[in-house]
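The values are calculated or read from the model by the stated rules, or taken from the named source; none is laboratory data. Keep in mind that what you see is a predicted model, and the values were worked out from it rather than measured. We place every Cβ from the backbone using ideal geometry, glycine too, and count neighbours over all the protein chains shown. Please note that ligands, DNA and RNA were not included when accessible areas were found on the heavy atoms of the full protein model with its side chains. Shrake-Rupley method; radii C 1.70, N 1.55, O 1.52, S 1.80 Å.
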Amino acid sequence: MAAAMSSSCCASSLRLIPFKRTLISSVHYPAKTLFFRPIPSFRRTIVTFQKISAGIVPPLSASSSPSSSDDLQPIEELPPKLQEIVKLFQSVQEPKAKYEQLLFYGKNLKPLDSRYMTRENKVEGCVSQVWVRAFFDEERNVVYEADSDSVLTKGLAALLVQGLSGRPVPEILKVKPDFAVLLGLQQSLSPSRNNGFLNMLRLMQKKALFLEVKAEEGTSSEEASVLEAESDSKPSLIEDLGTEEIEDSDSESNVDALGSRGMRIREKLEKELSPVELEVEDVSYQHAGHAAVRGSAGGDGETHFNLRIVSDGFQGKSLVKRHRMIYDLLQEELQSGLHALSIVAKTPAEV
Amino acid sequence: MEGVAMKLPSFKSLAPNAISIAAGHRSFSRVRRSFSLSVSSGASSSATIAADSEHLSLGHQARKDFRILHQEVNGSKLVYLDNAATSQKPAAVLEALQNYYEFYNSNVHRGIHYLSAKATDEFELARKKVARFINAPDSREIVFTRNATEAINLVAYSWGLSNLKPGDEVILTVAEHHSCIVPWQIVSQKTGAVLKFVTLNEDETPDIDMMREMISRKTKLVAVHHVSNVLASSLPIEDIVVWAHEVGAKVLVDACQSVPHMVVDVQKLNADFLVASSHKMCGPTGIGFLYGKSDLLHAMPPFLGGGEMISDVFLDHSTYAEPPSRFEAGTPAIGEAIALGAACDYLSGIGMPKIHEYEVELANYLYEKLSSLPDVKIYGPKPSESVRRAALCSFNVEGLHPTDLATFLDQQHGVAIRSGHHCAQPLHRYLGVNASARASLYFYNTKEDVDSFIAALEDTVSFFNSFK
């Protein structure tokens, strides 16, 4: 067991056990589920640090190998470059050296062009400023670019960029944030910074998914979809969302009744998917700040929804296929002002 | 002496002695004396502290009362320098809270039975202690709230909504805490009042001349800090009140950073409203207070509605209680209020003048050492004969992000400072920075704490600089 953290720092004190448990239990990501729910704040979950004079409790090092905790995603499931990075950090014992390694990554990170430092690219929950940009290469692998004004955060961003860039969407989506535990960096980082790290990963995964969904739509026979300003059916080098204002050429006025779109979504999904469970939540208010939202679908448009669907219809289908199914069903809505869906799509067996 | 962790007796062993609570709150100190501690806190402690003061600074003596300070974090001794965010609590305050729940917890102002009478007495006694602490003429001018933020909102919604008309002006500074900006924004939107902001002068202090000029017949309220939580500067409240009253305006003082650290006398200041938080002055979280002049409070409509603040309730209307009850809807944070009273006792036991004197010394020491480091920019005025800084420094190191500094200081050295905008985004925007780091002291910090911080900071800076 790589007791890196414990041996060098504070041999006789309780390590961040409560923190670790909180991380594992509240951030539970079964492989097939997409996780757009807000990540709980990890600030100040550490309660006690006591110098134990007698009866030393063997410290639980969070940089231990995966076998010490069944909840952790096995390292083999991570993208190859990320695996390398994790192993590298595990081999570095001293926390100061880990920092040096992290800073080294950050130093070599390609700087982000300032025109990409937009609101949509900014990571929430960071004490410093962090931006992440994502786009497809010719083979429909996701390429990331990132930047930050804080060198430690930049190091973390670089780590994620290196680890996830050039990989296909499904692989990226499978990555669980608790590999941070494997890095052993978690203990070197304050909870608020860790929050930023998790949110960085989440944003990167969200962007990957959107790229995929947009690409799928681009290849369909429909006219320019609402989600891209310049329709380009070729999947190569599609720019990420957020850098372009989303114009809705066809602003409908049928959103007079509040919840009408929500109702339509519900009906459609019920009719086509015969779900066992269906939750349709209108979270447009959360996005009221976007300029794009204000422009389309009226002042108080229904533009963003959280969907939770449990249906047999998803049996045997990959995560991306499921999402595509749902997007296909809601094409009309997407072309008339619906901007984004956060989807949880499961089969009854997976619940 | 520093490293010894005082093993304070568990509360269970207090129980047999504490049954004599019926005699009154003084029993707390009686109970404490039965344990052989060299320094006991509470009202009776001042004598002991004075006796030890020959070779130990106030910081060294006071530390013994704060068990939380005697621990290690991340392998180093904890150096807690985030007191402007919240203060630590001495054993006496914790015991007061525990004793309340353990021996006489009961709802206040409602029941007739023994426990509830006792709880009510202690609760109202706490109100008197707070009044005495700030020299308010009448304890009925103290309204207990959840914290200072709620207290300001109370004034904004209750006084503000019924007194501000379109075109009226509310004067603030760019250095205000968000709690003294946002409520006024909300209320001015509703009433059509206008917010005006005093900016800083070259000393990075609010421009007093500008403020004087801004105060006009249109001004209805001046809402300002007493001591700034970022700049460490103080405002001449007495003068401001004179200028404001000349034009018929009221003054609200945000005293969160002053009440815990110095003598604050509301009669001397003659402020109309004053707010402070318990948790910054060795009291528990969840309680704060608003001081308001009696005639003002009597003219204000309720803020929150519910039990306690009413006189008679009918189905279609109700009549309201007199202040302070009028503004204390629902069951209050009883234990917390009582513990705040204990905090007032504890601080008074040491003596606020003594605390302030010690902190002035510490403030100068901190500023001196911090400013001697290269590439460090400290915000706010330079200390001098005429300018006294509070014992805190918000600063930036050239080329380094404050979050990196704070993280490294914590992880490698156990030094706890804060980084961010300290709930003063407009101020940071005005200063032209995204964020700053802040080290803030309290009377239980020592010169050694400052030394540890400076050494740690030097190490941190050289670490990050080696990567450039």
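Of the residues B:SER394, B:SER384, the single one that is over 26 Å from A:LYS98 (Cβ atoms), out of contact with any helix residue (DSSP H, G or I) (no Cβ under 8 Å at 6 or more places or on another chain) and part of a loop (DSSP other than H, G, I, E, B) is B:SER384.
Residues being surrounded by 18 or more Cβ atoms within 10 Å (Cβ to Cβ), away from every other protein chain (no Cβ under 14 Å) and either acidic (Asp, Glu) or in contact (Cβ under 8 Å) with a residue 60 or more places away in the chain (or both) are represented in the stretch B:406-425 by at least one member. Which ones in the stretch A:301-342 are part of a strand (DSSP E or B) and modelled with pLDDT of 85 or more? Scanning the stretch A:301-342 gives A:LEU307, A:ARG308, A:ILE309, A:VAL310.
Which one is farthest from the other protein chains (Cβ to nearest Cβ) among residues in the stretch A:73-85 that are under 15 Å from A:LEU160 (Cβ atoms) and part of a helix (DSSP H, G or I)? Ranking the qualifying residues of the stretch A:73-85, first place goes to A:PRO80. A count restricted to the stretch B:82-105 and to residues that are under 30 Å from B:HIS422 (Cα atoms), in a helix (DSSP H, G or I) and either modelled with pLDDT under 95 or open to solvent by less than 30 Å² (accessible area, probe 1.4 Å) (or both) stands at 3. The condition (being part of a helix (DSSP H, G or I), under 16 Å from B:SER440 (Cβ atoms), more than 14 Å from chain A (Cβ to nearest Cβ) and open to solvent by less than 50 Å² (accessible area, probe 1.4 Å)) is satisfied by just one residue among B:LEU340, B:LEU370: B:LEU370.
Does B:ARG132 meet the test of being out of contact with any Cys (no Cβ under 6 Å at 6 or more places or on another chain), open to solvent by 40 Å² or more (accessible area, probe 1.4 Å) and of a type outside the set (A, V, I, L, M)? Considered against the rule, which asks whether it is out of contact with any Cys (no Cβ under 6 Å at 6 or more places or on another chain), open to solvent by 40 Å² or more (accessible area, probe 1.4 Å) and of a type outside the set (A, V, I, L, M), B:ARG132 comes out as yes. Checking the conditions here, which among A:LEU102, A:LEU109, A:LEU88 is in a helix (DSSP H, G or I), of a type in the set (A, V, I, L, M, F, W, C) and within 14 Å of another protein chain (Cβ to nearest Cβ)? From the options A:LEU102, A:LEU109, A:LEU88, the qualifying one is A:LEU102. Among the residues making up the stretch A:107-124, those that are closer than 23 Å to B:LYS468 by Cα and open to solvent by less than 30 Å² (accessible area, probe 1.4 Å) are A:LEU109, A:LEU112. When the stretch A:124-181 is limited to residues that are over 19 Å from A:LYS87 (Cβ atoms) and small (Gly, Ala, Ser), the one that is farthest from the other protein chains (Cβ to nearest Cβ) turns out to be A:ALA134. B:PHE467 meets the conditions (1) more than 17 Å from B:VAL376 (Cα to Cα); (2) of a type outside the set (Ser, Thr, Tyr); (3) in contact (Cβ under 8 Å) with a residue 40 or more places away in the chain in every case but one. The failed one is (3).
Can you say whether B:ALA333 is open to solvent by 20 Å² or more (accessible area, probe 1.4 Å) and modelled with pLDDT of 95 or more, as far as the supplied structure shows?
So B:ALA333 passes the test.
In the set (1) closer than 28 Å to B:CYS282 by Cα; (2) at pLDDT below 95; (3) open to solvent by less than 40 Å² (accessible area, probe 1.4 Å), the condition left unmet by B:PHE463 is number (1). Listed by first and then second residue, the pairs with beta-carbon distance under 8 Å, at least 6 apart or on different chains, first residue in the stretch B:122-147 and at pLDDT 95 or above and part of a loop (DSSP other than H, G, I, E, B), second among the aromatic types (Phe, Trp, Tyr) and buried (at least 20 other Cβ atoms within 10 Å of the Cβ), are B:ILE134/B:TYR291; B:ALA136/B:TYR291.
With the structure loaded, tell me whether B:VAL108 is more than 30 Å from B:LYS220 (Cα to Cα) and crowded, with 19+ Cβ neighbours inside 10 Å or whether it fails that test. Yes, satisfied.
Every residue, every condition in (1) in the same structural domain as B:VAL194 (by the TED database); (2) aliphatic (A, V, I, L, M); (3) touching a Leu at 6+ places or on another chain (Cβ under 7 Å), yes or no:
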site	(1), (2), (3)
B:VAL222	yes, yes, no
B:VAL230	yes, yes, yes
B:PRO236	yes, no, no
B:GLY248	yes, no, no
B:VAL253	yes, yes, yes
B:GLN257	yes, no, no
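Among the residues of the stretch B:78-118, those identified as among the β-branched types (Val, Ile, Thr) and touching a residue at least 40 places away in the same chain (Cβ under 8 Å) are B:VAL79, B:THR86, B:VAL93, B:VAL108. Any chance you could count how many residues in the stretch B:49-69 are within 14 Å of chain A (Cβ to nearest Cβ) and at pLDDT below 95? Looking only at that region, the number is 0. Across the stretch B:70-85, the number of residues qualifying as hydrophobic (A, V, I, L, M, F, W, C), under 20 Å from B:THR285 (Cβ atoms) and either more than 12 Å from every other protein chain (Cβ to nearest Cβ) or in contact with a Ser or Thr (Cβ under 6 Å, 6 or more places away or on another chain) (or both) comes to 2. For the stretch B:162-169, does any single residue satisfy the condition of being in the same structural domain as B:LEU200 (by the TED database), more than 27 Å from the chain's Cα centre (by Cα) and assigned to a helix (DSSP H, G or I)? Yes - at least one qualifying residue is present in the stretch B:162-169.
For the stretch B:111-129, the tally of residues that are surrounded by 19 or more Cβ atoms within 10 Å (Cβ to Cβ), among the basic types (Lys, Arg) and under 15 Å from B:ALA342 (Cβ atoms) stands at 2.
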